[in-house]
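Working notes, beginning with the structure itself.
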Amino acid sequence: MFFDNIVAASADPILGLTEEFKNDTRADKINLGVGIYKTNEGVTPILKCVKQAEKIIFDTETTKSYLPIVGSPEYGRLVRELVLGKDSEIIVADRARSVQAPGGTGALRIGADFLVQQNVTKKVWISDPTWANHFQVFGKAGLETAKYKYYNPETHGLDFEGMKASLKQAKAGDAVVLHACCHNPTGIDPTAAQWEELAKLFAELKLIPFFDFAYQGFGNGIEEDAFGVRTFLKYNSEVLIANSFSKNFGLYNERIGALTIVSADKETADRVFSQMKIAVRANFSNPPAHGAAIVTTVLSNPELRALWVEEVKEMRDRIKEMRELFVKKLSALGVKNDFSFINEQYGMFSFSGLSKEQVARLKEEFGIYIVGSGRISVAGITTANIDALCAAIAKVL
Ligand code: LMR
């Protein structure tokens, strides 16, 4: 038969875990695998600003006709302002173009397709470790993938010297994926001085920066988290940015993100844009409308925007609180390891340093699901599950 040679794929290391979790019949099971925000009550809420925007959309929407290939132009403009900065000289010079994409993953894939199909590059460098899907997204698009050093397990910090040394092995014209903030899975971001140094290094080595910007607002703040991207733009005239509203708008299942490409001048940006359109058309023709309509309504309405900023802060603060409580509780249990480094990490995740065996024991013996790399979704910790979590970790250490 035609499909006889199909080999069964292994389950996705993140989303496969959620499937396993759903099938677990233990009542006290805890899912800290996938990066989904939960309130202290353990629910993934629809943000208030989103609910209000949806009411407005429901009342004012007049058609379900297709969007343009690149999506809503108004949405694209608001994305560029959010990512590049409202007063960015790039916007003034009209050097950036955005296409609406189904989530950050869709945006990454459109960018990867663009790079491959336009022969911009053949190779992409990805941090070690990284989000489990990066190698697949770029590899399936046809790019050769390589790893650059990022994490030092001894210091639980950034291996900045190792990172620079790896990047120096790249050839001019290679692309490099950077996590704009809240590095997934480590939660470790470069400092302001390190961003500056990296930005200059990329320009000197002629590397193509490709930012994955999935957590804007979960680090230090919405504007603050754009520091890395904006610093790079001071020294590098061509940059790709894939951003997502899954996390900061809680719009996970609406699949809403965007790919923004900054070019050296307006004329180049127009040519690049025409090819971005081809990449979209060949993949999914044109994007779904609802997620972009929500984001557009919120960002263009001063009251809803202010509410959104507040709600993002609430999520950021709760995660930080859980981080601190987690470290405190582990220490109170007398565990020998020092987990204080977790307080230095940003975003939804804590790279705990737990081994594969310890992760497996947490699942088998305690029904606690975390990613095999030892990544814990702190965004899923609550005051109701933290004691059980810490007690289980203390047992497997
Ligand atoms: C994660 O890293 O958990 C999220 O980005 C969800 C996903 O798609 O993997």
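The values are calculated or read from the model by the stated rules, or taken from the named source; none is laboratory data. This one's a predicted model, so the numbers in the text were calculated from it and none came from an experiment. Surface areas here come from the heavy atoms of the whole protein model, side chains and all, with no ligands, DNA or RNA. Shrake-Rupley method; radii C 1.70, N 1.55, O 1.52, S 1.80 Å.
Estimated at the nearest 10 Å², the accessible area of M322 is 10 Å² with a 1.4 Å probe.
If you take the alpha carbon radius of gyration of segment 1-47 and divide it by 2.2 N^0.38 Å, what ratio comes out, to two decimals? Could the numbers behind the result be given before it?
Details: Rg = 15.9 Å, N = 47, 2.2 N^0.38 = 9.5 Å.
So segment 1-47 has a normalised radius of gyration of 1.67.
Helix 192-205 and the longest principal axis of the C-alpha atoms of the chain enclose an angle of approximately 50°. The C-alpha atoms of segment 238-393 occupy a region whose extents along the principal axes are 62, 38, 28 Å, arranged from largest to smallest. Candidate cross-link partners of K86 among the lysines, defined by an alpha-carbon separation under 22 Å and a same-chain spacing of 8 or more, comprise K234, K247, K266, K313.
Roughly what % of Cα-Cα distances in segment 170-226 sit above 17 Å, to the whole percent? Present the calculation step by step, with values, prior to reporting the outcome.
Working: 636 of 1596 pairs.
Of the Cα pairs, 40 percent sit more than 17 Å apart.
Note on segment 1-103: semi-axes of the ellipsoid equivalent to its C-alpha gyration tensor, largest first and rounded to whole Å, are 37, 24, 18. Normalised by the number of residues in the chain, the average gap of Cα pairs under 8 Å and 6 or more apart makes the relative contact order 26 percent.
A simple rule links phi to the HN-Hα coupling: the Karplus curve 6.51 cos²θ - 1.76 cosθ + 1.60 with θ = phi - 60°, which for segment 153-166 gives x, 6, 8, 6, x, 6, 8, 5, 5, x, 4, 5, 5, 5 Hz, with x for Gly and Pro.
Global size of segment 227-325: 16.9, 53 Å for Rg and Dmax (C-alpha atoms, Rg to one decimal, Dmax whole). Remark: relative contact order (segment 178-300) = 21 percent; criterion is Cα-Cα distance under 8 angstrom and separation of 6 or more residues. Note on K48: aspartates and glutamates with a C-alpha under 19 Å away, same-chain residues under 8 apart excluded, are D59, E254, E303, E310, E311, E314, D317. Counting pairs of Cα atoms in segment 130-217, how many percent are more than 20 Å apart? The proportion of pairs with Cα distances above 20 Å equals 33 percent.
If you sort K48, K336 by accessible surface, 1.4 Å probe, largest first, the order is K336, K48. Here the chain carries DSSP beta bridges of which approximately 45% are antiparallel, counting only pairs with both residues inside.
Per the Debye formula on identical point scatterers at the alpha carbon atoms of the chain, with no solvent, log10 I(q)/I(0) at q = 0.09, 0.13 Å⁻¹ is -0.54, -1.14.
Could you order V378, V116 so the one with the most accessible surface comes first? Probe is 1.4 Å.
Numbers: V378 0, V116 40 Å².
The ordering from most to least exposed comes out as V116, V378.
For the chain, the longest principal axis of the Cα atoms and the long axis of helix 302-332 meet at an angle of about 30 degrees. The lysines whose alpha-carbon is closer than 22 Å to the alpha-carbon of K64, local same-chain residues fewer than 8 away aside, are K51, K55, K277. Per residue, segment 183-233 exposes 30 Å² of accessible surface when a 1.4 Å probe is rolled over the protein heavy atoms with every protein chain present.
Test of understanding: what is the full-extension gain from S274 to L325, defined as 0.36 nm times their sequence separation minus their Cα-Cα distance? Don't jump to the answer; show the numbers that get you there.
Details: separation 51, 0.36 × 51 = 18.36 nm, distance 5.01 nm.
Additional length available on full extension: 13.4 nm.
For the chain, the share of accessible area belonging to carbon and sulfur comes to 54 percent (1.4 Å probe, ligands and nucleic acids excluded). State which entries of K123/K363; K320/K363; K149/K336; K320/K395 exceed 32 angstrom in Cα-Cα distance in the structure shown. Beyond 32 Å: K123/K363. Length gained on full extension, E223 to K336, computed as 0.36 nm times the residue gap minus the Cα-Cα distance: 36.9 nm. Summary value for segment 46-202: 16 percent relative contact order, contacts being C-alpha pairs under 8 angstrom separated by 6+ residues. Each residue was assigned an accessible area with a 1.4 Å probe, and for E364 the value is about 130 Å².
Between helix 356-366 and the chain there is an angle of about 60 degrees, using the helix long axis and the longest principal axis of the Cα atoms.
Can you tell me what the convex hull of the Cα atoms of segment 155-310 projects to on average, as an area in nm²?
Details: hull surface 43.1 nm².
With the hull built on Cα positions only, its mean projection is 10.8 nm².
Placing F232, F2 in order of accessible area, with the largest value first and a 1.4 Å probe, yields F2, F232.
Shape analysis of segment 259-305 yields a ratio of the Cα radius of gyration to the Kirkwood radius, Rg/Rh, of 1.12. The accessible area of Y150, taken with all protein chains in place and a 1.4 Å probe, comes to roughly 10 Å².
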